[in-house]
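Q: Structure provided below as structure tokens; questions to follow.
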Amino acid sequence: MHQTSFVHPYIPNSVPEIKQKMLEEIGVSNIEELYRSIPEHLRLNRPLKLPQPFRSEYELVRHIEGLLSKNISARERLSFLGAGCYQHYVPAICDEINSRGEFLTAYAGEPYEDHGRFQALFEYESMMGELLNMDVVNVPTYDGFQASATAIRMACRITGRNKVILAGVIGKDKLSKIMDYVQPDIEVVQVPFIESTGLINVEILSSLISRDCACIYFENPNYFGTLEINGEEISAIAHQFDALSVVSVNPISLGVINPPVEYGADIVCGDIQPLGIHMYYGGGHGGFIATQDDPRFVMEFPSRLFGVAATDVAGEYGFGDVAYERTSFAKREEGKEWVGTAAALWGITAGVYLALMGPRGMMELGEGIMQRTRYAIEKIGEIKGVKIPFYSIPHFNEFVVNFDQTGKSTQTILEKLLQRDIFGGKDLSREFSNLGQAILFCVTENHNQKDIDLLVSTLAEVIHD
Amino acid sequence: MIEVIQPKPKLRRFHQARWDEPIIFELSQPGQRGVIPPAVEEGIKNRVGDVLQTLPKNLRRSIPPQLPELSQIHVLRHYVRLSQENLGVDLNIDVGQGTCTMKYSPKVNDQLSRSTKIQDLHPLQDENSVQGILEIMYRLEEIFKEISGMDRFTLQPGAGSAAIYTNVAMIRAYHAYHGNSQRDEVITTIFSHPSNAACAKTAGYKVITLYPDENGYPDLDALKEAVSERTAALLITNPEDTGIFNPQIDQFVKVVHEAGGLCSYDQANANGILGITRARDAGFDLCHFNLHKTFSTPHGCGGPAAGVCGVTNELAPFLPVPTVEFDGKKYYFDYDRPLSIGKVRPFYGVAQNLLKAYAWIMSLGGDGLREVAEIAVLNNNYLMKKILEIPGVSIPYSLDNPRIEQIRYSWEQLSEDTGVHSEEIGYRAADFGTHYWTSHHPYIVPEPMTLEPTESYSKEDLDEYAAIIKNIVEEAYRDADFIHGAPYNSTVHRIHQESFDDPQSWAVTWRAYKRKSGQTK
């Protein structure tokens, strides 16, 4: 029998006397007897070779902090990184609520002992519904990639068609996820963006769509930060062919930008990380999918959908799973895709964020981001040799800068910015080589005029270095 | 003399918080604000003018989003009240959510994850500025390799089911690469997690489900009949949701391998077998762990979680990109993996949970992990002894082989005797401040209950949980109607569930409820 000489704080019954007493009550002489169903030839029969543990909490903290000290966070530098993960301000109340042990350490729960979780997630769905002007929003899926991939498959199931059009700019990583996910039975047609504007080439789109298309999928703002100004026309083209318009949107833009349903979207999806959730090196993502309240659409969601209902007592709100039978929890492989643990706590957090911001906060924030973005575009555009390829198009949050005329590579520019304590943007020179030596910069409400001016002057300096 | 205070009663006189909290929209007071975004300087405004004017009409929002308007303290109070109407591991003896391994999530790990040096890291930062987190990811992979015996891991999937899907995607890529695209069937078992069947179907496979034999083991003969040149893979959980360890697991692997298929081991819940038996030693090609189950990261009401997939060298080329490598001096990402299935999620995984799992393992070490497993099994068998003393309960399948870390029980007898269903025991359990779960669907075991006590609960905790269940069963035998009316001490009473399945009455948002209840147009 394995012998341990320690009592671990996380394992109450590691006290030898307690163990002995429990064994006696069970009626076995040692723990090994309880493992007798595992045959000898499948046993490891040696101790795991793992690093020496830290028995005291202090030593553990010291070890982990030692490792973390090798990181330099985007908060300790001036950062203009975006490309799918955004450094917005996270209000204190967001962290206060998602750190509450009652929420943080609960799981699936039932509507009686975990009423709070159901109500908080129902409210999240409801506030997202107001932001999007739509009646049905899911309990979050893993991330925006998954939300897009699932929204596309939903469109195929709803229409009974298996060809989809992906229109315009989509980041390569998200495209990789989508292509993997639709692989079994969906044909993908891609429509390019116009190189001078970043907009979807509507002419090509019109020539490629046909009656076997389930949907046109596009993003607004897209990966380059440009706003698709022809959304209404694109949705109308989809509808002419009885296909759906599926739009991925950045929810934090919707205080000032019209929600996609207003220009004809049937399914809207995206990532909630911008809404009060830290970046966590990519661990802060959650995906939303929204539709109108049409059973043809609702029955194709794989996710859980929490609904409100009356109880036996007047004045009580009860909550539960809407149309549970569609899920893989209920029906295994006969359910829609699959459902499992995903990103519920981020849903609660995004709800807190929207409640704090209110309509006015979302409007001010959206307008402020657009102003700062425009300011950065115009100022950087003044630097000699630097070009903003989609200058005339309205942007949100992000923009592409081309450095071809400077004679400097993006790599050199980003390295020199780094030497001056600035995290420049995302290098696009490999991901979108047709854009040349281009960098995607991101500006949020966290950047004030001085920050942007510093980026501009430093860029000018390193280019002419 | 001070008055003697009588001892506490045997069962807690619990009452869940009942704040009668309105829906947040009902708390709205026009004009109130919860937080104010930073103002834009005049220098910027003057330079750019009215940016909203640059938007075409159909892109400019004309009616503000109808979000609630609350002052900060009211947002805080609302959500703190809702949190009080919730039970987490921090509050209850959370042994009632079998298969999910509800264990203690150490607070120190949560605190560490709130460091600005993890919380505020952007995933596209220069590698030199993220050497700490990359080292943690690298070390974590080394640890999982030792725990499972596998050759390589990806830490990218967002949770357990995403990890299952990732494994299926790698299996599909492997067969495509070897020109075996005719392999279009995946075999699983009914007591494996439903996501095995669902992910395989999502990835385009036909699913064959094996049922247990009279001893509760998946049927080896049925497997032999199921395999063929169309078999892509076996996806199997062990121990299964019944808590039974399949001692012939290596035979299952052999049968599938001989037919040319791959084998993926669902080790989402490996809590009872850490340091005892490993995926590789049973011959598996792939496996996965859920860090929010076995490795202690908090469940967060259903995520964020983290899943990790382990593979043999033969499958390693198909892992998602990037992998984390170390050249002796520096940790870095490797994207140059031409056979990779690509991305399964943005960036590299749920980094804060990778950190928490790493910290948890580093507080325990190899011996500690084995102690975790042994105590989880000891607790399970102890709780079983206590539960079996209660009338109306049984355990399906032979008990000759002891259960590992969890048990699926049946209340068939109780239900026949009293008309009380397993779900209703759960409703009543809420009255005692604890959580209870039946099982996944379909209910192969009639009137199921699945308990998994993990290593986190003391003997007294287990005694208390068993006493609660015993009390409820006694109530059921005494007065079944009383149970039919439960819960009594919860936040709310019996919910009118039927409205959730009717498109006329379901309401997934407050706006849908207002419209459907005739309060708005």
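The values are calculated or read from the model by the stated rules, or taken from the named source; none is laboratory data. Nothing here was measured: the structure is a model prediction, and the numbers come from that model. Methodologically, a virtual Cβ is constructed for each residue, glycine included, from the backbone with ideal geometry; neighbour enumeration extends over all protein chains shown.
Q: Being at the interface with chain A (Cβ under 7 Å from one of its Cβ atoms) and touching a residue at least 40 places away in the same chain (Cβ under 8 Å) is the filter here; which residues of region B:67-87 pass it?
A: The answer is B:PRO68, B:GLU69, B:LEU70, B:VAL75, B:LEU82, B:GLN84, B:GLU85, B:ASN86, B:LEU87.
Q: Here is a further query. Which residues, taken from region B:31-66, are within 7 Å of chain A (Cβ to nearest Cβ) and part of a helix (DSSP H, G or I)?
A: B:GLY43, B:ILE44, B:LYS45, B:ARG47, B:VAL48, B:VAL51, B:LEU52, B:THR54, B:ASN58, B:LEU59
Q: In addition: Kindly indicate whether A:PHE103 is more than 7 Å from chain B (Cβ to nearest Cβ) and buried (at least 19 other Cβ atoms within 10 Å of the Cβ).
A: Here the answer is no, as A:PHE103 does not meet what is asked.
Q: Related question: Taking B:THR188 as meeting all but one of (1) within 13 Å of chain A (Cβ to nearest Cβ); (2) among the hydroxyl-bearing types (Ser, Thr, Tyr); (3) assigned to a helix (DSSP H, G or I), write down the number of the exception.
A: (3)
Q: Output the residue which, of all residues in region B:129-182 that are hydrophobic (A, V, I, L, M, F, W, C) and outside any helix (DSSP H, G or I), is farthest from B:ARG278 (Cα to Cα).
A: In the first step, residues of region B:129-182 are kept if they are hydrophobic (A, V, I, L, M, F, W, C); the result is B:130, B:133-134, B:136-137, B:140, B:143-144, B:147, B:150, B:153, B:155, B:159, B:162-164, B:168-171, B:173, B:176.
Remaining after also requiring outside any helix (DSSP H, G or I): B:130, B:150, B:153, B:155, B:159.
Values: B:VAL130: 32, B:MET150: 9, B:PHE153: 15, B:LEU155: 19, B:ALA159: 21 Å.
Selected residue: B:VAL130.
Q: Quick test for you: out of A:ASP185, A:ASP143, A:ASP135, pick the one residue that is more than 30 Å from A:TYR391 (Cβ to Cβ) and at pLDDT below 95. Write out each step before concluding.
A: Details: A:ASP143 fails: at pLDDT below 95; A:ASP135 fails: at pLDDT below 95.
The unique qualifying residue is A:ASP185.
Q: When you look at B:VAL324, is it away from chain A (no Cβ under 11 Å), closer than 20 Å to A:TYR280 by Cβ and in contact (Cβ under 8 Å) with a residue 24 or more places away in the chain, yes or no? Step through it out loud before you land on a result.
A: Values: away from chain A (no Cβ under 11 Å): yes; closer than 20 Å to A:TYR280 by Cβ: yes; in contact (Cβ under 8 Å) with a residue 24 or more places away in the chain: yes.
Spelling it out, B:VAL324 is indeed away from chain A (no Cβ under 11 Å), closer than 20 Å to A:TYR280 by Cβ and in contact (Cβ under 8 Å) with a residue 24 or more places away in the chain.
So that you can scan it fast, the table gives a plain yes or no per residue for (1) of a type in the set (Lys, Arg); (2) surrounded by 15 or more Cβ atoms within 10 Å (Cβ to Cβ):
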site: B:ASP20; (1), (2): no, no
site: B:LEU27; (1), (2): no, yes
site: B:ARG61; (1), (2): yes, yes
site: B:LEU67; (1), (2): no, yes
site: B:LEU87; (1), (2): no, yes
site: B:LYS103; (1), (2): yes, yes
site: B:VAL108; (1), (2): no, yes
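Q: Search region A:278-336 for residues being assigned to a helix (DSSP H, G or I) and of a type in the set (Asp, Glu), and hand back the single one that is nearest to A:GLU125 (Cα to Cα).
A: This residue is A:GLU325.
Q: Among the residues of region B:445-461, which ones are within 24 Å of the chain's Cα centre (by Cα) and facing chain A (nearest Cβ under 9 Å)? Show your work before the answer.
A: Let us first name the residues in region B:445-461 that are within 24 Å of the chain's Cα centre (by Cα), namely B:445-458, B:461.
Correct list: B:GLU455, B:SER456, B:TYR457, B:SER458, B:ASP461.
Q: Related question: Quick check on this structure: which one of B:LEU274, B:LEU315 is surrounded by fewer than 24 Cβ atoms within 10 Å (Cβ to Cβ) and assigned by TED's automatic domain parsing to the domain that holds B:GLN125? Before you say what the answer is, go through the steps one by one.
A: On the way: B:LEU274 fails: surrounded by fewer than 24 Cβ atoms within 10 Å (Cβ to Cβ).
On inspection, the qualifying residue turns out to be B:LEU315.
Q: Can I ask one more? Restricting attention to region A:258-281, and to residues there that are of a type in the set (D, E, K, R) and crowded, with 24+ Cβ neighbours inside 10 Å, which single residue is nearest to the other protein chains (Cβ to nearest Cβ)?
A: Filtering region A:258-281 for residues that are of a type in the set (D, E, K, R) and crowded, with 24+ Cβ neighbours inside 10 Å, the one nearest to the other protein chains (Cβ to nearest Cβ) comes out as A:ASP271.
Q: Could you look through region A:376-413, keep only residues that are crowded, with 19+ Cβ neighbours inside 10 Å and assigned to a helix (DSSP H, G or I), and pick out the one that is farthest from the other protein chains (Cβ to nearest Cβ)?
A: A:THR406
Q: Search region A:224-249 for residues that are assigned to a strand (DSSP E or B) and pair each with any residue that is small (Gly, Ala, Ser) and surrounded by fewer than 21 Cβ atoms within 10 Å (Cβ to Cβ) when their beta-carbon atoms are under 6 Å apart and the residues are at least 6 apart or on different chains.
A: Short answer, once both residue conditions are applied: A:SER245/A:GLY264.
Residue-wise test of (1) over 30 Å from B:LYS206 (Cβ atoms); (2) surrounded by fewer than 24 Cβ atoms within 10 Å (Cβ to Cβ); (3) more than 24 Å from the chain's Cα centre (by Cα); (4) among the aromatic types (Phe, Trp, Tyr).
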site: A:LYS172; (1), (2), (3), (4): yes, yes, no, no
site: A:TYR181; (1), (2), (3), (4): no, yes, no, yes
site: A:VAL189; (1), (2), (3), (4): no, yes, yes, no
site: A:SER196; (1), (2), (3), (4): yes, yes, yes, no
site: A:SER207; (1), (2), (3), (4): yes, yes, yes, no
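Q: For region A:121-137, what are the residues that are within 17 Å of A:PHE319 (Cα to Cα) and more than 8 Å from chain B (Cβ to nearest Cβ)?
A: A:TYR124
Q: In region B:304-319, what residues are assigned to a loop (DSSP other than H, G, I, E, B) and not hydroxyl-bearing (Ser, Thr, Tyr)?
A: Once the filter is applied, which keeps residues that are assigned to a loop (DSSP other than H, G, I, E, B) and not hydroxyl-bearing (Ser, Thr, Tyr), region B:304-319 yields B:PRO304, B:ALA305, B:ALA306, B:ASN313, B:GLU314, B:LEU315, B:LEU319.
Q: So which residues in region A:337-375 are outside any helix (DSSP H, G or I) and β-branched (Val, Ile, Thr), if there are any at all? Walk me through it before giving the result.
A: Step one: of region A:337-375, the residues outside any helix (DSSP H, G or I) are A:337-343.
Those that are outside any helix (DSSP H, G or I) and β-branched (Val, Ile, Thr): A:VAL339, A:THR341.
Table: residues versus (1) closer than 30 Å to A:GLY335 by Cβ; (2) more than 10 Å from every other protein chain (Cβ to nearest Cβ); (3) in a helix (DSSP H, G or I).
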residue	(1), (2), (3)
B:PHE347	yes, no, no
B:LEU369	no, no, yes
B:ARG403	yes, no, no
B:TYR409	yes, yes, no
B:GLU423	yes, no, yes
B:TRP437	yes, no, no
B:TYR443	yes, yes, no
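Q: Same structure again: Could you check, for region A:75-92, whether at least one of its residues is free of Cβ contacts under 8 Å to residues at least 40 places away in the same chain, in contact with a helix residue (DSSP H, G or I) (Cβ under 8 Å, 6 or more places away or on another chain) and not polar (S, T, N, Q)? Quick ask: steps written out before the conclusion?
A: Initial filter on region A:75-92 (free of Cβ contacts under 8 Å to residues at least 40 places away in the same chain): A:75-76, A:92.
If we keep only those that are in contact with a helix residue (DSSP H, G or I) (Cβ under 8 Å, 6 or more places away or on another chain) as well, we get A:75-76.
So of that shortlist, the ones also not polar (S, T, N, Q) come out as A:75-76.
There is at least one residue in region A:75-92 that is free of Cβ contacts under 8 Å to residues at least 40 places away in the same chain, in contact with a helix residue (DSSP H, G or I) (Cβ under 8 Å, 6 or more places away or on another chain) and not polar (S, T, N, Q).
Q: Closer than 25 Å to A:ARG100 by Cβ and more than 7 Å from every other protein chain (Cβ to nearest Cβ): which single residue out of A:THR341, A:THR349, A:THR291 fits that description?
A: Numbers: A:THR341 fails: more than 7 Å from every other protein chain (Cβ to nearest Cβ); A:THR291 fails: closer than 25 Å to A:ARG100 by Cβ.
Just a single option satisfies the conditions, and that option is A:THR349.
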